[in-house]
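The values are calculated or read from the model by the stated rules, or taken from the named source; none is laboratory data. Treat the numbers as computed from the prediction; the structure is a model and nothing was measured. Note that we place each Cβ from the backbone using ideal geometry, even for glycine, and neighbour counts take in every protein chain shown.
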Amino acid sequence: MKIIDGKLLAQNLRAEIAAGVAKLKAEKGVTPGLAVILVGDNPASVSYVTAKEKACAEAGMYSREMRLPAETTEADLLAQVKALNDDPAIHGILVQLPLPKHISEKAVIDAIAPDKDVDGFTAVNVGRMMIGERCFLPCTPHGIIKLIEFSGMDLRGKHAVVIGRSNIVGKPVAALLARKETNATVTLCHTGTPDVAHFTRQADVVVVATGRPGTLTGDMIKPGAVVIDVGVNRIPDATKPKGFRLVGDADFESCSKVAAAITPVPGGVGPLTITMLLWNTLEAAAGGELRVIS
Ligand code: GUN
């Protein structure tokens, strides 16, 4: 059984990205700039945003943090996004989700200029992805494809089962797995699927993204399957300094006894999400001219 080391893959890719940033600065005098907007103080969001800012600095990019109070109005937030759309120092704009309930996520996401939408969340980018046009691929799904390749599995002709149909992970990862370049056969399971195990037992690779610990257990997978665990769940744990520990959506203990390879939580998918965000920001700054990464 192999643990798929997301930190190592992320480190390798980030070295390539940092080299690309240095090249773009030297040849074009352009420093890739990412604006990160966080509204409110959701603890998971604060830690994601902090990690994104640190990763940007390490790659030699410029990052502008905008931490706004939870009471920020939708009109104010839309005005901030529009100002960033017109700011030449900013190549990528990321609005951390979820937003407070009084703000429409759809309105805010669709206000981001598609050529600065480094999360790949706007309707324009999603549409481009679905019809195979050049676009920013959504970061977590793109990172998942990279992790499966890194595990040594050739996805062509394989059966991939995705559990969860969110707009951020489940739906786009199913679409990427089914693209001709990847060529997997894809089953998308969700809360309306009566017997998820019936499908996962046939799977060569299972991607679990439900936000529910214990969604996938060892008895639900085929021996030798690859398991990609997208979940990040905080479980209260008085023995830990922070009072909680992180677990995924898969039961690591039982799945790791049956799978050929599995991503750990933390240290699996998470580092790739941020890496692919840096990748998209570099691509945005290079305007499609620089192909340092494949
Ligand atoms: N919330 C959870 N994941 C993400 C992500 O990838 N991007 C943004 N903007 N918000 C998120």
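Couple of notes before you dig in:
- Any hit, segment 18-38, residues being away from the ligand (no atom under 13 Å from the Cβ) and part of a strand (DSSP E or B): yes
- Tally of residues being touching a residue at least 40 places away in the same chain (Cβ under 8 Å) and within 15 Å of the ligand (Cβ to nearest atom) across segment 113-137: 9
- For beta carbons closer than 8 Å, sequence separation of 6+ or different chains, a first residue in segment 266-294 that is at pLDDT 95 or above and a second that is acidic (Asp, Glu), the qualifying pairs are 267/5; 268/229; 269/229; 277/119; 280/119; 284/115.
- Taking the criterion of being farther than 13 Å from residue 275 by Cβ and under 19 Å from the mean Cα position of the chain (by Cα), the only residue of segment 58-76 that qualifies is 63.
- Residues within segment 110-148 that are within 16 Å of the chain's Cα centre (by Cα), of a type outside the set (Lys, Arg) and outside any loop (DSSP other than H, G, I, E, B), tallied: 12
- Selection status of residue 17, over 18 Å from residue 276 (Cα atoms), at pLDDT 95 or above and hydrophobic (A, V, I, L, M, F, W, C): no
- Flag for residue 177 being closer than 26 Å to residue 278 by Cβ and either within 19 Å of the chain's Cα centre (by Cα) or outside any strand (DSSP E or B) (or both): yes
- Meets criteria (more than 16 Å from the ligand (Cβ to nearest atom) and not in a loop (DSSP other than H, G, I, E, B)) for residue 197: yes
- Enumeration of residues in segment 43-89 that are among the β-branched types (Val, Ile, Thr) and more than 15 Å from the ligand (Cβ to nearest atom): 72, 73
- Residues of segment 85-102 that are buried (at least 16 other Cβ atoms within 10 Å of the Cβ), of a type in the set (A, V, I, L, M) and in contact with a strand residue (DSSP E or B) (Cβ under 7 Å, 6 or more places away or on another chain): 90, 93, 94, 95, 99.
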